[in-house]
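Asker: Once you've had a glance at the structure underneath, I'll fire off some questions.
The values are calculated or read from the model by the stated rules, or taken from the named source; none is laboratory data. Source: prediction; values computed, not measured. Cβ placement follows ideal geometry from the backbone for every residue including glycine, while neighbour counts extend to all protein chains displayed.
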Amino acid sequence: MTRKAFKYRLYPTQPQRKDLERTLALCRRLYNAALQERRDAYRKAGKTVNFYEQKRGLPEIRADLPEYRRIHSQVLQNVIERVDKAFQGFFRRVKQRGKAGYPRFKGEARYDSFTFPQAGTTGVKLQEGGKRVLIHGVGSVKLKMHRPLEGEIKTATVKREGDQWYIIFVCEVEPRPLPESDKAVGIDLGTNPNFLVTSDGEMIEAPRYLQKAQAKLASAQRSLSRKKPGSNRRRKAQRRVAKLHRKIANQRKDFHHKIARRLVNRYGTIVHEDLNVIGLARSRTAKGVLDAGWGQFLKILAYKAEEAGRRVVGVDPKHTSQDCPVCGHREKRPLWVREYTCPRCGAPQHRDVAAALNILAKARTEPAGMGTDKSVPLEPRSPVLKNEESSQRGVVTLPLIGGEG
Ligand SMILES: [Zn+2]
């Protein structure tokens, strides 16, 4: 069994927003009070107050302070647990290094979530097939499930990011290995507008909405740079930039999940350029690759592949964008040349598809130790060479965009 997190945006009404804010504020107050209690006990009497003692004090708090009665008792217990964890971390650091920062009080900005630790059975309930979620003390809140929830809900955390609210479900998921596949693919980390290009000739573009949001962010940043330091307008512009950043990060992550899922479903082996190989980042910066978040995408891909029992292989990207995948002729071309005919063998090539083919081929020839698996089962020849007749004549038909399968 593995644990998997699912994060969804919440759309609370104005009164619900107030309830969420209030819950967060009360949890923060409890957190700081519990922290204070531990500090005082320690300082005054050299005693430590532990988790269970503090937990036992919760009913009293709820009796004395009516505002806490609306908050689920387990949410409050989780607050105490957070304090306990902060102390455990502190003691661990003391042991290790002899010196460590004492757990700190949390200001408004640093306390941004509350958790239902047994959300599967109490406190939180999905409604209307996932269109709404009933949150104890807040009511039925609209939510957007942009991808389906899997497994069994264990915990639910309600989180504020800027002025937006999210709910994160942590679920226990049965790992489901996919049926074996001997299909292998090479992927070239694309050049704008392509996010990636596969050795099968499929070109995956970054979605329009993401491109649009990125353009918006660039303009918001320009506008921010023109505002006077310390001014109200500048603060407003800063908030706008931060909001766009979050939006883009979320959209990009969803997109990464989608593409990784698609590749893992289709191929038994996925070969990509190893990002750790020095020089890649530098040579690619001009293409906006860093902006595409390749590191994150490859991490998601590796995770999904492992879960499904599939292989991901990283290879040295050297020369992959210069070599002809048919005859091996090596030639440097300017970035703007997307399609060309190999001067030696006459094969028409698309730069990125050719690179993807070369990347795939490298998984066969490269020695192990590139974080790769020696026993990569690969097809005997690259997909473009499948068409026997045409390759004999030196004419290669590019396999074009494959359908969803
Ligand atoms: Zn050639």
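Asker: Does at least one position in region 319-336 carry a residue that is in contact (Cβ under 8 Å) with a residue 24 or more places away in the chain, more than 16 Å from the ligand (Cβ to nearest atom) and closer than 16 Å to Ile187 by Cβ?
Answerer: If we filter region 319-336 for residues that are in contact (Cβ under 8 Å) with a residue 24 or more places away in the chain, which is where we start, we get 319-321, 323-326, 335.
Then drop every residue that is not more than 16 Å from the ligand (Cβ to nearest atom), which leaves 335.
Then keep just the ones that are closer than 16 Å to Ile187 by Cβ; that gives none.
For region 319-336, residues in contact (Cβ under 8 Å) with a residue 24 or more places away in the chain, more than 16 Å from the ligand (Cβ to nearest atom) and closer than 16 Å to Ile187 by Cβ: absent.
Asker: Here is a check on your reading of the model: is Arg364 modelled with pLDDT under 90 and more than 16 Å from the ligand (Cβ to nearest atom)?
Answerer: Criteria met by Arg364.
Asker: Out of Ala215, Ala220, Ala249, report the one residue that is surrounded by 15 or more Cβ atoms within 10 Å (Cβ to Cβ) and of a type in the set (A, V, I, L, M, F, W, C). Break it down into steps so the answer makes sense when it comes.
Answerer: On the way: Ala215 fails: surrounded by 15 or more Cβ atoms within 10 Å (Cβ to Cβ); Ala249 fails: surrounded by 15 or more Cβ atoms within 10 Å (Cβ to Cβ).
Result: Ala220 is the single residue among Ala215, Ala220, Ala249 that is surrounded by 15 or more Cβ atoms within 10 Å (Cβ to Cβ) and of a type in the set (A, V, I, L, M, F, W, C).
Asker: Going through Thr198, Thr157 one at a time, which residue ends up being surrounded by 15 or more Cβ atoms within 10 Å (Cβ to Cβ) and not assigned by TED's automatic domain parsing to the domain that holds Ala361?
Answerer: Among Thr198, Thr157, only Thr157 is surrounded by 15 or more Cβ atoms within 10 Å (Cβ to Cβ) and not assigned by TED's automatic domain parsing to the domain that holds Ala361.
Asker: Would you check which residues across region 111-150 are acidic (Asp, Glu) and either in contact (Cβ under 8 Å) with a residue 24 or more places away in the chain or surrounded by 14 or more Cβ atoms within 10 Å (Cβ to Cβ) (or both) and list them? Break it down stepwise before answering.
Answerer: So in region 111-150, the residues acidic (Asp, Glu) come out as 112, 128, 150.
Answer for region 111-150, where residues must be acidic (Asp, Glu) and either in contact (Cβ under 8 Å) with a residue 24 or more places away in the chain or surrounded by 14 or more Cβ atoms within 10 Å (Cβ to Cβ) (or both): Asp112, Glu150.
Asker: Taking region 328-347, which residues are surrounded by 13 or more Cβ atoms within 10 Å (Cβ to Cβ) and more than 21 Å from Pro193 (Cα to Cα)?
Answerer: Matches in region 328-347: Gly328, His329, Cys342, Arg344, Cys345, Gly346, Ala347.
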